[in-house]
1. For the stretch 148-159, what are the residues that are of a type in the set (A, V, I, L, M) and surrounded by 12 or more Cβ atoms within 10 Å (Cβ to Cβ)?
2. Lys132 passes all but one of (1) in a helix (DSSP H, G or I); (2) more than 30 Å from Pro75 (Cβ to Cβ); which number fails?
3. Just one of Arg140, Arg134, Arg108 is within 19 Å of Ile6 (Cα to Cα) and among the charged types (D, E, K, R); which is it?
4. Enumerate the pairs (first residue in the stretch 168-189 and closer than 21 Å to Leu137 by Cα; second residue anywhere and in a helix (DSSP H, G or I) and hydroxyl-bearing (Ser, Thr, Tyr)) with beta-carbon separation below 8 Å, excluding pairs fewer than 6 apart on the same chain, so at least 6 apart or on different chains.
5. For the stretch 93-114, which residues satisfy the criterion of being in a helix (DSSP H, G or I) and either over 16 Å from Asp58 (Cβ atoms) or modelled with pLDDT under 85 (or both)?
6. In the set Arg166, Arg119, Arg140, Arg145, which member is within 30 Å of Asp18 (Cβ to Cβ), of a type in the set (D, E, K, R) and either open to solvent by less than 40 Å² (accessible area, probe 1.4 Å) or assigned to a helix (DSSP H, G or I) (or both)?
7. Out of the residues in the stretch 67-98 that are more than 14 Å from Phe120 (Cβ to Cβ) and surrounded by 15 or more Cβ atoms within 10 Å (Cβ to Cβ), which is nearest to the chain's Cα centre (by Cα)?
8. Based on what the data block shows, is Ala25 farther than 23 Å from Arg127 by Cβ, at pLDDT below 90 and not in a helix (DSSP H, G or I)?
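The values are calculated or read from the model by the stated rules, or taken from the named source; none is laboratory data. A quick note: this is a predicted structure, and the numbers were derived from the prediction, not measured. Note that each Cβ is placed from the backbone with ideal geometry, even for glycine, and that neighbours are counted across all protein chains shown. With ligands, DNA and RNA removed, areas are computed over all heavy atoms of the protein, side chains included. Shrake-Rupley method; radii C 1.70, N 1.55, O 1.52, S 1.80 Å.
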Amino acid sequence: MNVLIIDPDEARAAHVADGIRAEYAAQDTVIRQGAHFELRMLRDFDPDMVIIACESPDRDMLEALQVANEAVPRPVVMFVDRSDANATARALEAGVAAYIVDGYNPNRIASILTVAAHRFSLTQNLRKDLDKARADLAARKVIDRAKGILMASRGLSEDDAYKLLRKHAMDTGRPLQAVAADILAVSDLLKPGSAS
């Protein structure tokens with residue numbers, strides 16, 4: 001397991017690192033420490049878990065975490081000395097899996113990491129499901145528009161327009177959405193004034 005610890009207090013970070021090594025002694029655990037969070041750390045080290053300790057997350061850190069959550073999502077546990085509802089909400093929106101106030105204790109690390117990893121996994125699954133639902137909806141809209149064009153231009157019923165689309169997709173070995181997108185593109189070209 002690779003763990004990245006971000007903590008400006010090197011002694012405290014080393015203490016937490018010792019606690020993790022002791023807790024995960026049966027695993028091959030590699031721990032790196034840093035004083036400031038940077039996106040390149042995720043790309044260079046590829047951690048399984050990121051632990052951040054700070055007084056309170058500032059705007060720059062939260063923005064960096066937001067970018068990281070989009071580009072290189074990893075479970076992030078954040079320990080803060082003080083917080084408020086706004087900071088908590090912003091941290092969670094930035095992808096922090098566990099936000100712990102005044103609880104940076106090596107004896108609690110293992111259970112917190114376990115919960116954070118599970119929560120991260122659930123969140124990633126929900127995110128994938130949402131992305132798929134959005135893609136399916138977008139594909140459905142393209143297919144519906146292509147059916148409408150076929151219905152208007154060839155006088156077909158909706159069912160016959162769909163069958164024609166599907167047959168062409170099967171004959172050409174292409175996805176139905178790609179065939180529908182071609183029809184939309186050609187239709188746009190045939191509109192008066194489209195060449196200008």
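1. Looking only at the stretch 148-159, we keep the residues that are of a type in the set (A, V, I, L, M), and these are 149-152, 156.
If the condition is that a residue be of a type in the set (A, V, I, L, M) and surrounded by 12 or more Cβ atoms within 10 Å (Cβ to Cβ), then Ile149, Leu150, Met151, Leu156 are the ones that fit.
2. (2)
3. Details: Arg140 fails: within 19 Å of Ile6 (Cα to Cα); Arg134 fails: within 19 Å of Ile6 (Cα to Cα).
That would be Arg108, the only listed residue that is within 19 Å of Ile6 (Cα to Cα) and among the charged types (D, E, K, R).
4. Val179/Thr172
5. Here is the first cut: in the stretch 93-114, the ones in a helix (DSSP H, G or I) are 93, 106-114.
Listed by number, the residues that qualify are Pro106, Asn107, Arg108, Ile109, Ala110, Ser111, Ile112, Leu113, Thr114.
6. Details: Arg166 fails: within 30 Å of Asp18 (Cβ to Cβ); Arg140 fails: within 30 Å of Asp18 (Cβ to Cβ); Arg145 fails: within 30 Å of Asp18 (Cβ to Cβ).
The conditions single out Arg119.
7. Filtering first and then ranking leaves Arg90.
8. Working: farther than 23 Å from Arg127 by Cβ: yes; at pLDDT below 90: yes; not in a helix (DSSP H, G or I): yes.
Spelling it out, Ala25 is indeed farther than 23 Å from Arg127 by Cβ, at pLDDT below 90 and not in a helix (DSSP H, G or I).
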